[in-house]
Amino acid sequence: MPDSPSGETSATAPANNHIQILDRAFEPSAMYQAMLATDVHHGALVTFTGMVRDLAAKPVNAMFLEHYPGMTERALEDIIAKARTRWVLGQVSISHRVGMLYPGEPIVFVGVTSTHRREAFEACQFLMDFLKMDAPFWKKEFTPDGERWVAAKSSDCEAAKRW
Amino acid sequence: MIKILLFAQLREVLKCHRLEFPLSTPLSVAELKSQLAGRGDLWHLMFAEQEVLVAVNQVMRDNETMLVSGDEVAFFPPVTGG
């Protein structure tokens, strides 16, 4: 078992940014409800949830998520700040798992509120595209054939370049 | 002295998460990488033959970045979160 960064850390530096690095399973619907409950000023709420896949062709028993405590929170704050220069956003909420994960468990939740849907949709995609390129997380898959670090995809870099 | 942190494959293959590196004069990231590559075959494999990203004081930087005493320098493979 690789070294595991233990403990939950979170940083919330502008009040409307909510960033959480979680070392145990979380419920995206709770994040969604929290955003819904605290924001009456915006007409649009867009969320994205990424989950651990277990594909028949590429079976995965478990996944280990490593990160760089300190830099992770900072990188996510920077990505949100970048998004806020492009769109007028209300709340931005990012939760990301670390540690051991199993198929079906959420890895990442991104939620954005804005006045209109277009901004919220675009900002949510922007945040995910940059999270995948700039936030210091690394995945290791445990498969029936052994364990392997997931290789970065060039398509992820291309996705961020379109902005 | 600078603090060097390694993550993911680098940490695992080199069996090292953190090391202190004496620094008498300013050094570029590229120079530090070539010094680390000289520590042995696996270090060469990780630092001279693969893509390695670098963060200095928790911000992504590049090979030309100059390092000074007290810096926290992290090396890691391209990220795969989300």
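The values are calculated or read from the model by the stated rules, or taken from the named source; none is laboratory data. These numbers were taken from a predicted model, which means no experiment stands behind them. Note: ideal-geometry Cβ built from the backbone for every residue, glycine included; neighbour counts use all protein chains shown.
For beta carbons closer than 6 Å, sequence separation of 6+ or different chains, a first residue in the range A:124-142 that is more than 7 Å from chain B (Cβ to nearest Cβ) and a second that is assigned to a strand (DSSP E or B) and among the basic types (K, R), the qualifying pairs are A:E141/A:R148. Taken over the range B:41-73, the criterion of being surrounded by fewer than 17 Cβ atoms within 10 Å (Cβ to Cβ) and among the hydroxyl-bearing types (S, T, Y) is satisfied by B:S69 alone. In the set (1) closer than 21 Å to A:G70 by Cβ; (2) under 12 Å from the mean Cα position of the chain (by Cα); (3) not acidic (D, E), the condition left unmet by B:A37 is number (1).
Got at least one residue in the range B:8-27 being under 22 Å from B:G81 (Cα atoms), of a type in the set (A, V, I, L, M) and touching a Lys or Arg at 6+ places or on another chain (Cβ under 6 Å)? So far as the range B:8-27 goes, no, none of its residues is under 22 Å from B:G81 (Cα atoms), of a type in the set (A, V, I, L, M) and touching a Lys or Arg at 6+ places or on another chain (Cβ under 6 Å). If only residues of the range B:1-18 that are farther than 21 Å from A:G99 by Cβ and part of a strand (DSSP E or B) are counted, the one that is nearest to the chain's Cα centre (by Cα) is B:I4.
Within the range B:24-40, if we keep just the residues that are hydrophobic (A, V, I, L, M, F, W, C) and either touching an Asp or Glu at 6+ places or on another chain (Cβ under 8 Å) or within 17 Å of A:W138 (Cα to Cα) (or both), the residue that is surrounded by the fewest Cβ atoms within 10 Å (Cβ to Cβ) turns out to be B:A30.
Of all the listed residues (B:E64, B:E72), the sole one being charged (D, E, K, R), within 10 Å of chain A (Cβ to nearest Cβ) and in contact with a strand residue (DSSP E or B) (Cβ under 8 Å, 6 or more places away or on another chain) is B:E72.
A:T85 meets the conditions (1) away from chain B (no Cβ under 14 Å); (2) under 30 Å from B:I4 (Cβ atoms) in every case but one. The failed one is (2). Selection of the range A:54-73 for residues being at the interface with another protein chain (Cβ under 10 Å from one of its Cβ atoms) and assigned to a loop (DSSP other than H, G, I, E, B) yields A:Y68, A:P69, A:G70. For the criterion of being over 13 Å from the mean Cα position of the chain (by Cα) and not polar (S, T, N, Q), B:E72 fails. Determine which single condition A:E77 fails, assuming it passes every other condition in (1) facing chain B (nearest Cβ under 10 Å); (2) farther than 23 Å from A:Q33 by Cβ; (3) of a type outside the set (V, I, T). Evaluating A:E77 over (1) facing chain B (nearest Cβ under 10 Å); (2) farther than 23 Å from A:Q33 by Cβ; (3) of a type outside the set (V, I, T) leaves (1) as the failure. Within the set B:L27, B:L6, B:L42, B:L32, the sole residue that is of a type in the set (A, V, I, L, M, F, W, C) and closer than 26 Å to A:L131 by Cα turns out to be B:L6. Could you tell me whether B:T80 is crowded, with 17+ Cβ neighbours inside 10 Å, away from chain A (no Cβ under 12 Å), closer than 30 Å to A:M128 by Cβ and of a type outside the set (A, V, I, L, M, F, W, C)? Criteria not met by B:T80. Hey, can you tell me all the residues within the range A:34-53 that are closer than 16 Å to A:E119 by Cβ and in a strand (DSSP E or B)? Selection gives A:A44, A:L45, A:V46, A:T47, A:F48.
Checking each residue in the range A:76-103 for being within 16 Å of A:L22 (Cβ to Cβ) and of a type outside the set (K, R) picks out A:L76, A:S93, A:I94, A:S95, A:H96, A:V98, A:G99, A:M100, A:L101, A:Y102. Does A:M100 satisfy being modelled with pLDDT of 95 or more and under 25 Å from B:E72 (Cβ atoms)? Spelling it out, it is not the case that A:M100 is modelled with pLDDT of 95 or more and under 25 Å from B:E72 (Cβ atoms).
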